[in-house]
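Values in this text are rule-based calculations from the coordinates and carry no lab data. None of these values were measured; they are calculated from a predicted model. Here the Cβ is made from the backbone with ideal geometry for all residues, glycine too, and neighbour counts use every protein chain on show.
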Amino acid sequence: AVEYTDGRGDVSFTDGEIEDLGFTKVGKPVPYGIPMSEVLASIPKEAFEKDDAEAHKSLALTLVACTLSQVLIAVVPNWLLPVAWAIAGTAFTGFFVLAHDCGHRSFHTSKKVEDLVGNALMSPLIYPYEGWRFKHAQHHAKTNMLVEDTAWHP
């Protein structure tokens, strides 16, 4: 049986254990005969175009939603605080979503703007943007490969 580790030698899995976890195609390549060029050609060209105005609008909307959620927390009666917290949590998720887009270089046409926005949005989350961006790129290079994926280990 083949043994898989988490890359640090901390955890190992046999083929049977991997199948028990529900992973029957761990680390296998895309099926033969489906070139990436065909997959990319099936996506409309507009999906790959960055729109700076849309990026600024998304950032403004997220900042307004977060600000309003904080105002909501300040004014609601105590018994409604859990609802206000849920709304605020949803609004602040936008920080990570936009920073994630910056990390993928899909947010804006300027890398400097992406790095500035990514750092600004990850800082309140107490998460280092540059370190996350590099680690996340490694994750995407090895997504769903049990041994090599840096983001997920059962």
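Couple of notes before you dig in:
- Paramagnetic label reach from ALA74 (point 7 Å along Cα→Cβ; backbone nitrogen cut-off under 18 Å): within the stretch 83-101, residues 84-89, 91-92.
- The listed peptides 95-102, 37-44, ordered by packing as a protection proxy, come out as 95-102, 37-44 (highest mean of other Cβ atoms within 10 Å first).
- Distance between the 7 Å Cα→Cβ label points at PHE48 and THR67: 3.7 nm.
- FRET efficiency estimate (nearest 0.05) - Cβ-Cβ, TRP85 to ASP20, R0 30 angstrom: 0.20
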